[in-house]
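*Asks:* A single structure is presented below for examination.
The values are calculated or read from the model by the stated rules, or taken from the named source; none is laboratory data. These numbers come from a predicted model, not from an experiment. Every residue, glycine among them, receives a Cβ derived from its backbone with ideal geometry; neighbour counts consider all protein chains shown. Heavy atoms of the whole protein, side chains included, go into the accessibility calculation; ligands, DNA and RNA do not. Shrake-Rupley method; radii C 1.70, N 1.55, O 1.52, S 1.80 Å.
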Amino acid sequence: MNRYVIALGSNQRHGRFGGPAAILRAAVAELADRGLTVEAVSPVQRCRPLGPSLREYANGAVLVEAALGPPDMLTLLQDVESHFGRKRQGQRWRSRTLDLDIVLWSGGCWTDDRLVVPHAEFRGRDFVLRPAAAIAPRWRDPLTGLTLKHLCARLTRRAPPPR
């Protein structure tokens with residue numbers, strides 16, 4: 001069995017599921033319905049968007065276990081995104097009903113033409129690190145050797161006052 005830290009994000013309402021925070025809860029339930037074992041779910045965090053999107057995001061993370069390897073997990077996550085109305089077209093950072101990203105995998109690193117694990121930009125994104133650290137604080141980044149708790153502390157610590 002493989003374990004994954006999956007980042008969740010939404011900044012659009014959905015007619016059936018509701019607002020962004022409700023969409024994240026529904027997405028976690030959908031992952032369980034599709035056979036993933038949900039081990040932990042972070043609190044939802046509200047965040048300002050990256051890029052051109054103007055709507056605030058609801059972000060979170062889920063720790064799951066599955067017999068799937070990274071390519072099959074990516075396919076499953078993209079199917080769930082489509083189920084929630086996600087369309088993969090246009091601008092990179094546009095508004096979306098649901099975004100699911102593999103952040104970490106218990107097998108360490110993975111790279112192919114569709115996927116890079118660990119997620120290439122997770123170390124610099126508070127909206128990914130804070131929820132991930134809440135559910136898997138001792139999980140180590142296979143590239144730096146640092147725990148999620150340590151990476152989060154490094155990213156969010158305040159700069160020392162000028163002398």
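*Asks:* What distance in nm lies between label points placed 7 Å from Cα along the C-beta direction at residue 111 and residue 2?
*Replies:* Placing both labels 7 Å beyond Cα along the Cβ direction yields 1.7 nm.
*Asks:* When Lys and Arg each count +1 and Asp and Glu each count -1, what net charge do the other residues less than 15 Å away from residue 104, Cβ to Cβ, add up to? Intermediate results must be reported in sequence, preceding the final value.
*Replies:* On the way: positive: 3, 123, 125, 130, 138, 140, 149; negative: 39, 65, 101, 121, 141.
Value of the local net charge: +2.
*Asks:* Around residue 155, under 10 Å between beta carbons, what's the net of Lys plus Arg minus Asp minus Glu among the other residues? Mind showing how you got there, number by number?
*Replies:* Details: positive: 123, 125, 130, 154, 157; negative: 126.
That works out to +4.
*Asks:* For residue 157 and residue 65, compute 0.36 nm times the residue count separating them, minus their Cα-Cα distance, and round to one decimal in nm.
*Replies:* Values: separation 92, 0.36 × 92 = 33.12 nm, distance 3.12 nm.
Here the answer is 30.0 nm.
*Asks:* Can you pull the three principal axis extents for the Cα set of the chain, in Å, largest first?
*Replies:* Ordered largest first, the chain gives principal extents of 54, 38, 29 Å.
*Asks:* Taking 8 Å as the Cα distance limit and 6 or more residues as the minimum spacing, I'd like the relative contact order of the chain as a percentage. Kindly include the intermediate steps, with their values, before the conclusion.
*Replies:* On the way: 301 pairs, mean separation 43.7, N = 163.
In percent, rounded to a whole number, it is 27.
*Asks:* Please work out the FRET efficiency for the pair residue 138 and residue 13, using the Cβ-Cβ distance as r and a Förster radius of 35 Å; give the result to the nearest 0.05.
*Replies:* Details: r = 36 Å, r/R0 = 1.02.
With a Förster radius of 35 Å, E is 0.45.
*Asks:* For residue 147 and residue 126, calculate 0.36 nm times their separation in residues minus their Cα-Cα distance, and state this gained length in nm to one decimal.
*Replies:* 6.1 nm
*Asks:* Rounded to the nearest whole Å², what accessible area per residue is found for the chain with the 1.4 Å probe?
*Replies:* Values: 8930 Å² over 163 residues.
Computed with neighbouring chains in place, this is 55 Å² per residue.
*Asks:* Leaving out ligands, DNA and RNA, what percent of the accessible area of the chain is carbon and sulfur, probe 1.4 Å? Please list the in-between numbers first.
*Replies:* Values: 4460 of 8930 Å².
Result for the chain: 50 percent of the exposed heavy-atom area is carbon or sulfur.
*Asks:* Something else about it: Subtract the Cα-Cα distance of residue 40 and residue 82 from 0.36 nm times their separation in residues, and report this length gain in nm to one decimal.
*Replies:* On the way: separation 42, 0.36 × 42 = 15.12 nm, distance 2.33 nm.
Result for the pair: 12.8 nm of gain on full extension.
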